[in-house]
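Visitor: This is the structure, below, for whatever I ask next.
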Amino acid sequence: MTELADLTPGDRVFAASFPVSRADLAAYAEASGDRNPIHLDEAAAKAAGLPDVIAHGMYTMGLISRAVLEWAAEAGLDASLGEFSARFAKPVVVPAGTGAVVDVEAKVRKAETGSVELAITALSGGEKVVAPARATLTSN
Amino acid sequence: MLNASYAGRTLPTTGPVAITAESVSRFARALGLSDAASVPPTYLITLTLPAADPLIDDPEFGLDWSKVLHREQRFAYHRELRAGAEVTCTPVVESIKTVAGNDLLTLRTEVADADGLAAEVWTTLFVAGDPQ
């Protein structure tokens with residue numbers, strides 16, 4: 001069991017790695033209703049000036065949320081997400097055969113009584129794909 | 001270029017939309033979440049983006065969706081929403097900024113259920129300007 005009060009700024013709280021395939025993007029497009037062809041079709045992506053199909057920014061943010069939720073569940077934290085934000089800095093490029101990998105890592109940015117703010121990085125293909133995302137967890 | 005006079009405008013509140021258990025579990029599974037019953041943190045985007053359709057489709061506003069990139073996203077959760085809830089969305093054009101010939105459009109959408117404001121969702125879109 002981890003308590004929010006145990007966390008100190010600078011602590012590295014989790015790292016997670018997620019493979020991303022074209023099929024994942026197709027499933028996300030259906031589930032979210034965002035069927036922009038730059039996330040599904042190589043020709044459409046290239047016509048838009050992109051190197052290849054790219055993941056939805058919201059798919060990447062969804063993976064980050066998954067990493068936060070999995071960590072919180074594993075740590076037995078009794079806390080809820082109060083705020084969650086991300087700035088999409090670079091696209092996650094997803095080639096047809098190999099797919100991509102998104103590596104997520106979180107550190108404690110601020111710790112106050114009853115709440116903790118995480119700064120979360122996400123890397124893919126050697127690029128930082130988000131300016132650090134922020135997630136604030138508040139004790140239930 | 002976007003019509004900057006739209007800054008500050010509130011769009012019509014949508015009719016009540018149900019957060020169905022089916023849409024929640026499909027969204028959760030698409031992200032690989034093990035809990036397919038709770039509403040995922042980013043799920044609300046599936047309601048707030050369609051709520052902005054009247055703005056996206058308004059020829060007077062001048063938004064060309066093919067030039068749009070999602071730049072920033074923020075959620076503030078005021079209360080837990082559960083599958084089965086019915087919510088309305090009210091988008092507000094929070095700001096329109098022009099930077100080096102490109103536009104940054106920020107929408108803030110209020111998501112409310114029968115008990116009032118449940119969440120706020122900010123979406124910032126980068127809209128590429130016409131090449132000079």
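The values are calculated or read from the model by the stated rules, or taken from the named source; none is laboratory data. Bear in mind that the values here come from a model prediction, so they are computed numbers and not experimental data. Every residue, glycine among them, receives a Cβ derived from its backbone with ideal geometry; neighbour counts consider all protein chains shown.
Visitor: Given the residues B:114, B:100, which is the only one that is at pLDDT below 95, closer than 20 Å to residue B:3 by Cα and among the hydrophobic types (A, V, I, L, M, F, W, C)?
Guide: That would be B:100, the only listed residue that is at pLDDT below 95, closer than 20 Å to residue B:3 by Cα and among the hydrophobic types (A, V, I, L, M, F, W, C).
Visitor: Among the residues of the stretch A:49-68, write down those that are more than 7 Å from every other protein chain (Cβ to nearest Cβ) and not in a strand (DSSP E or B).
Guide: Of everything in the stretch A:49-68, those that are more than 7 Å from every other protein chain (Cβ to nearest Cβ) and not in a strand (DSSP E or B) turn out to be A:49, A:50, A:51, A:52, A:53, A:55, A:56, A:59, A:60, A:64, A:67, A:68.
Visitor: Of B:64, B:57, B:53, which residue is touching a residue at least 24 places away in the same chain (Cβ under 8 Å) and out of contact with any His (no Cβ under 7 Å at 6 or more places or on another chain)?
Guide: B:64
Visitor: So, in the stretch B:65-103, exactly how many residues are more than 23 Å from residue A:45 (Cβ to Cβ) and under 17 Å from the mean Cα position of the chain (by Cα)?
Guide: 17
Visitor: Could I ask something else about it? Out of all the residues in the stretch B:119-132, which are among the hydrophobic types (A, V, I, L, M, F, W, C) and either surrounded by 19 or more Cβ atoms within 10 Å (Cβ to Cβ) or more than 16 Å from the chain's Cα centre (by Cα) (or both)?
Guide: B:119, B:121, B:125, B:127, B:128 - these are the residues of the stretch B:119-132 that are among the hydrophobic types (A, V, I, L, M, F, W, C) and either surrounded by 19 or more Cβ atoms within 10 Å (Cβ to Cβ) or more than 16 Å from the chain's Cα centre (by Cα) (or both).
Visitor: Checking the structure you have, find out if any residue of the stretch B:52-62 is facing chain A (nearest Cβ under 10 Å) and surrounded by fewer than 20 Cβ atoms within 10 Å (Cβ to Cβ).
Guide: Checked the stretch B:52-62: no residue is facing chain A (nearest Cβ under 10 Å) and surrounded by fewer than 20 Cβ atoms within 10 Å (Cβ to Cβ).
Visitor: Continuing with this model, one more query. Hey, any hits in the stretch B:86-104 for a residue that's touching a strand residue (DSSP E or B) at 6+ places or on another chain (Cβ under 7 Å), hydrophobic (A, V, I, L, M, F, W, C) and in a loop (DSSP other than H, G, I, E, B)?
Guide: No.
Visitor: While we're on this one: If you scan the stretch A:28-48, which residues turn out to be facing chain B (nearest Cβ under 8 Å), surrounded by 17 or more Cβ atoms within 10 Å (Cβ to Cβ) and outside any loop (DSSP other than H, G, I, E, B)?
Guide: Matches in the stretch A:28-48: A:28, A:31, A:32.
Visitor: Return the total of residues in the stretch B:95-106 being touching a residue at least 40 places away in the same chain (Cβ under 8 Å) and either within 9 Å of residue B:124 (Cβ to Cβ) or exposed (fewer than 14 other Cβ atoms within 10 Å of the Cβ) (or both).
Guide: Summing the residues that are touching a residue at least 40 places away in the same chain (Cβ under 8 Å) and either within 9 Å of residue B:124 (Cβ to Cβ) or exposed (fewer than 14 other Cβ atoms within 10 Å of the Cβ) (or both) in the stretch B:95-106 gives 3.
Visitor: Pairs please, first residue from the stretch B:24-37 and more than 7 Å from every other protein chain (Cβ to nearest Cβ), second anywhere and of a type in the set (Asp, Glu) and not in a helix (DSSP H, G or I), Cβ atoms under 9 Å, 6+ apart in sequence or on different chains.
Guide: Within 9 Å, the pairs are B:28/B:35.
Visitor: Let me ask you something else. Under 25 Å from residue A:60 (Cβ atoms) and of a type in the set (D, E, K, R): is that true of residue B:86 in this structure?
Guide: no
Visitor: Filter the stretch A:27-71 for residues that are closer than 15 Å to residue A:103 by Cα and either under 11 Å from the mean Cα position of the chain (by Cα) or at pLDDT below 95 (or both) and give the result.
Guide: Those that are closer than 15 Å to residue A:103 by Cα and either under 11 Å from the mean Cα position of the chain (by Cα) or at pLDDT below 95 (or both): A:57, A:59, A:60, A:61, A:62, A:63, A:64, A:65, A:66, A:67, A:68.
Visitor: Take residue A:80 and decide whether it is more than 19 Å from residue A:8 (Cβ to Cβ), within 13 Å of another protein chain (Cβ to nearest Cβ), assigned to a strand (DSSP E or B) and hydroxyl-bearing (Ser, Thr, Tyr).
Guide: Against the criterion (more than 19 Å from residue A:8 (Cβ to Cβ), within 13 Å of another protein chain (Cβ to nearest Cβ), assigned to a strand (DSSP E or B) and hydroxyl-bearing (Ser, Thr, Tyr)), residue A:80 qualifies.
Visitor: Here's a check for you: in the stretch A:56-92, which residue that is out of contact with any strand residue (DSSP E or B) (no Cβ under 7 Å at 6 or more places or on another chain) and small (Gly, Ala, Ser) is farthest from residue A:108 (Cα to Cα)?
Guide: Looking at residues that are out of contact with any strand residue (DSSP E or B) (no Cβ under 7 Å at 6 or more places or on another chain) and small (Gly, Ala, Ser), I get A:62.
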